[in-house]
Amino acid sequence: MSKDFQMKISIPTDNDGYVLLRCPNCGIYFKATPSDIEDDGILELFCPSCGLAGENYITEDVLELEMAMVQNRAMDMIHEELKKMERQFRNGPVKFEAGKRPKHEPENPIRSGIEALQIVTFPCCKRTAKIKPILKMTGCYCPFCGVKNYEVE
Ligand SMILES: [Zn+2]
Ligand SMILES: [Zn+2]
């Protein structure tokens, strides 16, 4: 194997292009875009809920959870294709059955909480993140500068 060979693990983003993050201090989930996270101007990230800076917002269980979600979507797509083939072969000499819908990897119970995250814009930095709706009401810390915002949209 050549020395140049590198395993590149890309962190899956959701449909809006956000990466799932988990606060190492309080454990809440939130999301931010890779361009904001990797911005040179951003030295550290702050948790929108507890306001503490932390390292390792992307943990193994975050990756596992996201991978499970990606995998489930992929399995559903394959199943749809098989279903189409099943219909195509229906009247032919070859019988083809797609079988049952694939069983999903467990994603819950945090998944539903993650899907409820809402996109907000932090006026202090003009950057966006996805946070729990409740934090919009109680006020939340900007993940990029750590300032508490009482009004985010
Ligand atoms: Zn926190
Ligand atoms: Zn800010």
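Every number in this text was worked out from the coordinates using simple rules, so none of it is lab data. Not measured: the values here are computed from a predicted model. All Cβ positions, glycine included, derive from the backbone under ideal geometry; neighbour counts span all protein chains shown.
Values computed for the structure shown
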item	result
Computed magnitude of the charge dipole of region 19-149 (debye, nearest 20; Cβ of K, R +1, Cβ of D, E -1)	760 debye
Angle in degrees between helix 60-88 and the longest Cα principal axis of the chain, rounded to the nearest 10	30 degrees
Residue-span extension gain [S112 to E38] - 0.36 nm each, minus C-alpha spacing	24.0 nm
Protection proxy ranking, peptides 113-124, 136-147, average beta carbon neighbours within 10 Å, highest first	136-147, 113-124
Extension gain (nm, one decimal) between T138 and I78, 0.36 nm per residue minus Cα-Cα	17.3 nm
Inter-centroid distance (Cα atoms) of region 24-85 relative to region 114-136, Å	15 Å
Förster radius 22 Å - calculated FRET efficiency between R101 and T59 (Cβ-Cβ, nearest 0.05)	0.15
